[in-house]
Amino acid sequence: EAGVAQSPRYKIIEKRQSVAFWCNPISGHATLYWYQQILGQGPKLLIQFQNNGVVDDSQLPKDRFSAERLKGVDSTLKIQPAKLEDSAVYLCASSFLVGGYEQYFGPGTRLTVT
Amino acid sequence: RKEVEQDPGPFNVPEGATVAFNCTYSNSASQSFFWYRQDCRKEPKLLMSVYSSGNEDGRFTAQLNRASQYISLLIRDSKLSDSATYLCVVRATGGGADGLTFGKGTHLIIQP
């Protein structure tokens, strides 16, 4: 079974530029999550989708971050404009359904903002 | 106060030793508890769930104390391949949301 796919794997941008990350969850998984992991810290949830609807975006900095999952399958996370403190690994995870199911993580996108 | 607190380490232990990690969480509404393992520059992977009665998986034993809001992980007969960061994770579900809350992780180095 194929795992969670993410691209690009690495991205370097200058502050104030825009960037987008893509995630394709495990086939059949209805729930998709985006996490941000800053160096030396654990992942922090940014947003959770159930199919194409947002379930939780309470920790998403909405002034610069946006995410969508239009067809309920793959998802994009965008940062516009980027700040130095956005340098982190952005992890996508998926699970079969909400509640009680294991979350499987993708390899992440490592973003460096200079 | 952080939602999930762990000693960041690093813990340097010789191969074959027993090592224990502790973790406390602040959200009393937390319903599910886990230990994840994260290798350097890799994604987190589920090591084991933690149940109130305590549970064991080979050399790994996890314990949960809901009254004290305390979670532990014990690794017996440690191997070189156990070197990694161990993340304490809790989950509170509500309104359809079930995102994970991670601690900072404890870095373990097993020395030959």
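Structure values in brief
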read-out	value
Filter pass, residue B:30 being part of a loop (DSSP other than H, G, I, E, B), of a type in the set (Gly, Ala, Ser) and within 11 Å of residue B:4 (Cβ to Cβ)	yes
Search result, residues across the stretch A:51-104 that are under 11 Å from the mean Cα position of the chain (by Cα), part of a strand (DSSP E or B), of a type outside the set (Gly, Ala, Ser) and within 14 Å of chain B (Cβ to nearest Cβ)	A:89, A:90, A:91, A:92
Filter result (surrounded by fewer than 14 Cβ atoms within 10 Å (Cβ to Cβ) and part of a loop (DSSP other than H, G, I, E, B)) within the stretch A:1-16	A:1, A:2, A:8, A:9, A:14, A:15, A:16
Residue that is without any contact (Cβ under 8 Å) to a residue 24 or more places away in the chain, in contact with an Asp or Glu (Cβ under 9 Å, 6 or more places away or on another chain) and either surrounded by fewer than 14 Cβ atoms within 10 Å (Cβ to Cβ) or on the phi > 0 side of the Ramachandran plot (or both), where the choices are B:66, B:41, B:59	B:59
Residues of the stretch B:1-26 classified as β-branched (Val, Ile, Thr) and either modelled with pLDDT under 95 or within 15 Å of residue B:102 (Cα to Cα) (or both), total	2
Test: residue in the stretch B:68-81 that is under 23 Å from residue A:32 (Cβ atoms), at pLDDT below 95, more than 10 Å from chain A (Cβ to nearest Cβ) and assigned to a loop (DSSP other than H, G, I, E, B)	no
Residues being closer than 21 Å to residue B:99 by Cα and more than 14 Å from chain A (Cβ to nearest Cβ) - total across the stretch B:30-54	1
Any hit, the stretch B:91-100, residues being away from chain A (no Cβ under 14 Å) and assigned to a loop (DSSP other than H, G, I, E, B)	no
Out of B:28, B:53, sole residue that is free of Cβ contacts under 8 Å to residues at least 40 places away in the same chain and among the small types (Gly, Ala, Ser)	B:53
Residue selected from the stretch B:55-67 under the condition more than 11 Å from the chain's Cα centre (by Cα) and closer than 20 Å to residue B:25 by Cβ, by the criterion nearest to the other protein chains (Cβ to nearest Cβ)	B:55
Of the criteria (1) surrounded by fewer than 16 Cβ atoms within 10 Å (Cβ to Cβ); (2) touching a strand residue (DSSP E or B) at 6+ places or on another chain (Cβ under 7 Å); (3) at pLDDT 95 or above, which one residue A:43 fails	(1)
Scope the stretch A:24-46; condition touching a residue at least 24 places away in the same chain (Cβ under 8 Å), in a loop (DSSP other than H, G, I, E, B) and within 8 Å of another protein chain (Cβ to nearest Cβ); matching residues	A:43
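The values are calculated or read from the model by the stated rules, or taken from the named source; none is laboratory data. Predicted model, so just to flag it, every value in this text is computed and none were measured. So basically every Cβ, Gly included, is an ideal-geometry build from the backbone, and we count neighbours across all protein chains shown.
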